[in-house]
Structure formats: C-alpha cells, structure tokens
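Worksheet: one structure, shown below.
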Amino acid sequence: MSALIARPTHALPEDPGSLAFTTTTETTILAGKSVTYDLYAPDGPSQPAPIVVVGHGFQRTRANMADWGRELARRGHVAAVPGFPGSDHAANGKIVAELLDWLVTASQQAGSPLAGRVDGSRRAAVGFSAGGLAALLAASQDPEIDVVVGLDPVDSSGLAAAAAAAIKAPVIFILGEPGSCNNNGNAASVFASLVAPRLSLRVKNATHCDAESPTGFLCELVCGAQDKARHLSFRRYAFAALDYLLRCDATMAPWLGGASAKADTGITDIVVQAGFPPTPSCATAPDAGPPADDAGPDVDATTRDAGEARPPHDAGPVRSDSAQAGDGSTPHDDGCSMTRRPRPAPPLLPSALLLLLLLRSRPKNTRR
C-alpha cells in the first residue's frame, strides 16, 4: 500500500471532483459470458488508483450508472460499469469479482492502457438495487474486496442473506423508503445477517430511482420521481465510505455514522454495528495520519432512530465503438420492474406495468 496523506479533499463528500478522465468501452469474457463495460480512468500520470466496479439494477443498463462512473474518475478512482447480460444474480456476482481481477491484471501488463494505474490492494464493489445484490455476492466470494456499497440494494430469494456471513469487507447500505421497487426494503434482513463492520442509513423520502444516475422515465413512472437533493445524499455517503476506506481520507469518518451523519436532517435510521468504520489499511502507511477523532459509534452501537434494521478468463478486451451503447441487459429485479483478506423469477408486477418494462426509455441526464 502506497503512503497516503489523510487530508480533506472535498468540503462535502458529494462535491464534484476535479480530475480529467477518459472513458472507453470494452468487452471481455467474465463468468463465461460476454460482458461489455465502460471504463472511466483519470488522465495523466499519478500513483496507482483504487479500482471500483459499479453495478446497475434490474431492467436497467450500464448507461443508468454512467454518472457514478464519471464522478468516481473525477475523484481519482478507476471505475468500471459493466452491463449485466441477464438477471442470473449468482453470475452477476461472479462478473463483478472477475472484472475487478481482470482490471488489476491488466494494470500489471506492460503496454496495457491501464499499465501501472490500478492499485489492486484497494478494491470496491458498488451496486444499485440488484446491482447491490451482485456486489454483496462478489464480496462473499472474493476476500480481496475492501468495501461494499449498496445503493438501495434488493435481495432476491434470500441470496444475499445466505451469503452474508461470508462477507468480511465493511458494508454500507444507503437506503430509500420501503416500497414495491425495493421489495419493501428487504435489504434490512441482509443487514441483520451480516457479521462484517457495517453501516445502514436511510435517505428521508427517497424513491428507488434517487440512487441511480442518470435515471429515466420508466424508473420514475414505476418507482417515483428522482430528486436532486436526495440523489446527492446517496452520493454523499457512498463517496465518504470510498474516500475513507480506499483513500484513507480521515475527514470522511464523521459522515460514517458519526457527528456529521447525525446532524444531517436528510438522513434517518442510522445503524452502526461491528465497529464501523474500521481503520483503513492505508492508515498504517507512512504519513497516512490517524483517523478523525469522531470516527463513528463504538462496536455494535445503534444511533438515532434505528428502529428495525430497516476464473481467469482468457479473452482479451475488445474495443467497442460506442462508450454509451446499450448492452441489451435486462435491468433490475427488485420490483422496479426496476475479508477482507487473511432464479427464481422476480416479484411480478401488474401486467400493465410489466408491459411498460419491456419498453426501453432513454435515460434522463440528472447530472448537476
């Protein structure tokens, strides 16, 4: 782990980054399937960066998480947003884990566009809705993943709950209000099954669509309109977790269940368990500095309004002509129909809504 300096890089966690970046689209074989992914990488020479894979939801595409990829790159992460080739959640979890390995391997190869640009010791899996399920399943299989961020994640047939005990990486759930599009908030049962350090919090009045970006007409029609301020709350806590755990930015710690989170009037149902946030491994590096004084509650503490815990692949990357082309994947099966080191069918919607889901809507750009 290279030395990092713990210093404030953003006044608020969601403040935009300033780095230029390059977007490319590539295709490779992951989990035995052809997977197209968009890669967002900061430009210019720099020390190796953390690697983050961002998963989209059921009945969505990688285009619906493009703003997450762009902003992660602006903040100094290398981000990959794959298009899941179907709703086989177990396969999608393997795709997330294998894509992380694939990109780390590429960075170790001379002549690769990523040569020397990825720090394989700092890895994150982030996912919206069923993409959150894929991130959790990936972490249950891959002890190299350092943090999991679930953006209103949705379990399917208890897959994530069953895998929870095998997840050793710290986990943060940023939740919307319970409803049909997140299976009535069934991430709560997953959170209760986890044993890793973890944080759960809810964005007040958030719809399921508030977590993705850019969203679109179809999601908003079925799951509720997106609101700019609520979407920024999802970014706030996701980026705080990633910057603290992957970049050793101690100024982010108070947002992770500590004083800043408690003072945030847009957040409720904060639950901190098992010593979240843990001390990031980079804090032991020279000049990293200690974590912030207010690093969040102690082990198994529950804060304000907690209530109920509401294979190697041998096909090389192939360049695609379009960085934002659809991937033909079927978006998210959550009802919106949308460690660490040492199918069944989705819920059915009324037939009229199901027909609407078969229509692709052009995503609405909500970047601010």
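The values are calculated or read from the model by the stated rules, or taken from the named source; none is laboratory data. Everything quoted here is computed from the prediction, not taken from an experiment. FYI the Cβ positions are ideal-geometry reconstructions off the backbone, even for glycines, and counts take in every protein chain you see.
Listed values, structure above:
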quantity: Tabulated pairs, segment 7-26, first among the basic types (Lys, Arg) and assigned to a loop (DSSP other than H, G, I, E, B), second surrounded by fewer than 18 Cβ atoms within 10 Å (Cβ to Cβ) and modelled with pLDDT under 95, C-beta under 9 angstrom, 6+ apart or interchain; calculated: Arg7/Gly289
quantity: Any pair with Cβ under 7 angstrom, 6 or more apart, that starts in segment 176-204 at a residue that is farther than 13 Å from Ser156 by Cβ and ends at one that is part of a helix (DSSP H, G or I) and among the β-branched types (Val, Ile, Thr); calculated: Cys181/Val222
quantity: Residue in segment 169-186 that is of a type in the set (Asp, Glu) and either buried (at least 24 other Cβ atoms within 10 Å of the Cβ) or assigned to a strand (DSSP E or B) (or both) present; calculated: no
quantity: Number of positions in segment 187-212 that are in contact with a helix residue (DSSP H, G or I) (Cβ under 9 Å, 6 or more places away or on another chain) and in a strand (DSSP E or B); calculated: 5
quantity: Candidate set: segment 33-85, residues that are in contact with a strand residue (DSSP E or B) (Cβ under 9 Å, 6 or more places away or on another chain) and among the acidic types (Asp, Glu); chosen: the one surrounded by the fewest Cβ atoms within 10 Å (Cβ to Cβ); calculated: Asp43
quantity: Residues that are charged (D, E, K, R) and in contact with a Ser or Thr (Cβ under 8 Å, 6 or more places away or on another chain), drawn from segment 193-209; calculated: Arg202, Lys204
quantity: Residue in segment 141-158 that is of a type in the set (A, V, I, L, M, F, W, C), at pLDDT 95 or above, assigned to a loop (DSSP other than H, G, I, E, B) and touching an Asp or Glu at 6+ places or on another chain (Cβ under 6 Å) present; calculated: yes
quantity: Single unsatisfied condition, Val81 versus (1) in a helix (DSSP H, G or I); (2) in contact with a Phe, Trp or Tyr (Cβ under 7 Å, 6 or more places away or on another chain); calculated: (1)
quantity: Which numbered condition Arg202 misses (of (1) over 19 Å from the mean Cα position of the chain (by Cα); (2) charged (D, E, K, R); (3) more than 19 Å from Arg62 (Cα to Cα)); calculated: (1)
quantity: Residue satisfying all of: in segment 201-224; touching a Gly at 6+ places or on another chain (Cβ under 9 Å) and small (Gly, Ala, Ser); surrounded by the fewest Cβ atoms within 10 Å (Cβ to Cβ) among these; calculated: Gly224
quantity: Qualifying positions in segment 265-282 - over 16 Å from Ile145 (Cα atoms) and surrounded by fewer than 18 Cβ atoms within 10 Å (Cβ to Cβ); calculated: Thr265, Gly266, Ala274
quantity: Residue tally, condition among the hydrophobic types (A, V, I, L, M, F, W, C) and over 16 Å from the mean Cα position of the chain (by Cα), over segment 151-189; calculated: 9
quantity: Of residues in segment 42-77 being under 28 Å from Ser156 (Cβ atoms) and among the polar types (S, T, N, Q), the one modelled with the lowest pLDDT; calculated: Gln59
quantity: Given (1) surrounded by fewer than 24 Cβ atoms within 10 Å (Cβ to Cβ); (2) at pLDDT 95 or above; (3) not basic (Lys, Arg), number of the condition Ala110 does not satisfy; calculated: (2)
quantity: Among the residues listed as Ser34, Ser121, Ser112, the single one being within 18 Å of Asp243 (Cβ to Cβ) and polar (S, T, N, Q); calculated: Ser121
